[in-house]
Protein chains: 2
Amino acid sequence: MTTSLPLLVDDLCCAPLGLDPLDAASSAQLAQAFKALSDPVRLRLLSIIAAAPSGEVCACDLTAPVGKSQPTVSHHLKVLREAGLVTSRKHGTWVHYRAVPEQLAALRQVLAMEMRAGT
Amino acid sequence: MTTSLPLLVDDLCCAPLGLDPLDAASSAQLAQAFKALSDPVRLRLLSIIAAAPSGEVCACDLTAPVGKSQPTVSHHLKVLREAGLVTSRKHGTWVHYRAVPEQLAALRQVLAMEMRAGT
DNA sequence: TGAATGTATCGACAACTATCGAATCAACGG
DNA sequence: CCGTTGATTCGATAGTTGTCGATACATTCA
């Protein structure tokens, strides 16, 4: 960019960029959260959990709907948990999962980035 | 909450799941969109594009901010384009990228899944 | 205690991805 | 025409990830 001595070249290429909209650190952190949603199985799991009437879903009821093995589902639930999208709670032998609305809201807000474009 | 540890536990593991909140097809399609956001470089690129005052950003001005090689940036822009998050427009020698607000809005709506939980 | 069941972890493998250098394509200017 | 510049594509490689079977852990029940 900015070739050597642009004489007539000033208007054509680009309007000046906006200010730094997302630094490297923030983007890395957010990317991890979005990465948790980048798998169909995890999306379905989260969807099932979030849409549960009681707000909680037993892990034992999550393997069948997604059609994956129990270790696989456990792995995906761990990813969702580490991304802060769900929380787990032991209830006797079982583990109940619950969505974290605040985290979902945070991601929603990031996707509203185009709103920040002034003028 | 409520009473804890019932003795004859048989059916009480889980409250019945909600209805199918996200079928396999939808989740696959959505996962692809989120996957496009699951990389820090792509997030920054989209952020820069979306926050541009003019609404468009030349590809030539996108390599420096993310600190990646030009082919790499081109690759990421292609991913964003195929995910429907940005559109490209040739302007002479340069290519200008523009965010797609509708797609961002669609993803925001998906993240509002917990709102669909009735009761 | 031992058996049974629900979860989580481990080990391994196949598939995918990010990254870069080099080559190729496209468009403009002299 | 060529030469320059921007953008895409290609080939290769290192790292990541989804998946499952086998295993280990935890809890409840007999």
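The values are calculated or read from the model by the stated rules, or taken from the named source; none is laboratory data. Note that the structure is predicted; figures quoted are calculated from it, not measured. When we count neighbours, we look across all protein chains shown, and the Cβ atoms used for this are built from the backbone with ideal geometry, even at glycine. Protein only, heavy atoms only, side chains kept; ligands, DNA and RNA dropped before computing areas. Shrake-Rupley method; radii C 1.70, N 1.55, O 1.52, S 1.80 Å.
Within the set B:Val95, B:Val73, the sole residue that is modelled with pLDDT of 95 or more and surrounded by 20 or more Cβ atoms within 10 Å (Cβ to Cβ) turns out to be B:Val73.
Being within 24 Å of B:Ala25 (Cβ to Cβ) and of a type in the set (D, E, K, R) is a property that A:Arg81 lacks.
For region A:59-81, a residue qualifies if it is in contact (Cβ under 8 Å) with a residue 24 or more places away in the chain, more than 7 Å from DNA strand C (Cβ to nearest atom) and part of a helix (DSSP H, G or I), and the qualifying residues are A:Val66, A:Thr72, A:Val73, A:His76, A:Val79, A:Leu80. When both residues are 6+ apart or on different chains and their Cβ atoms are under 6 Å apart, which pairs have a first residue that lies in region B:91-110 and is facing another protein chain (nearest Cβ under 7 Å) and aromatic (Phe, Trp, Tyr), and a second that is open to solvent by less than 40 Å² (accessible area, probe 1.4 Å) and not in a helix (DSSP H, G or I)? Qualifying pairs under 6 Å: B:Trp94/A:Cys13; B:Trp94/B:Cys58.
With the requirement that a residue be outside any loop (DSSP other than H, G, I, E, B), facing chain A (nearest Cβ under 7 Å) and open to solvent by less than 10 Å² (accessible area, probe 1.4 Å), what does region B:17-45 give you? Within region B:17-45, B:Ser27, B:Ala31, B:Phe34, B:Leu43 qualify.
So, of the residues in region A:101-119 that are modelled with pLDDT of 90 or more and open to solvent by 30 Å² or more (accessible area, probe 1.4 Å), which turns out to be nearest to DNA strand D (Cβ to nearest atom)? For region A:101-119, the residue satisfying everything is A:Gln103.
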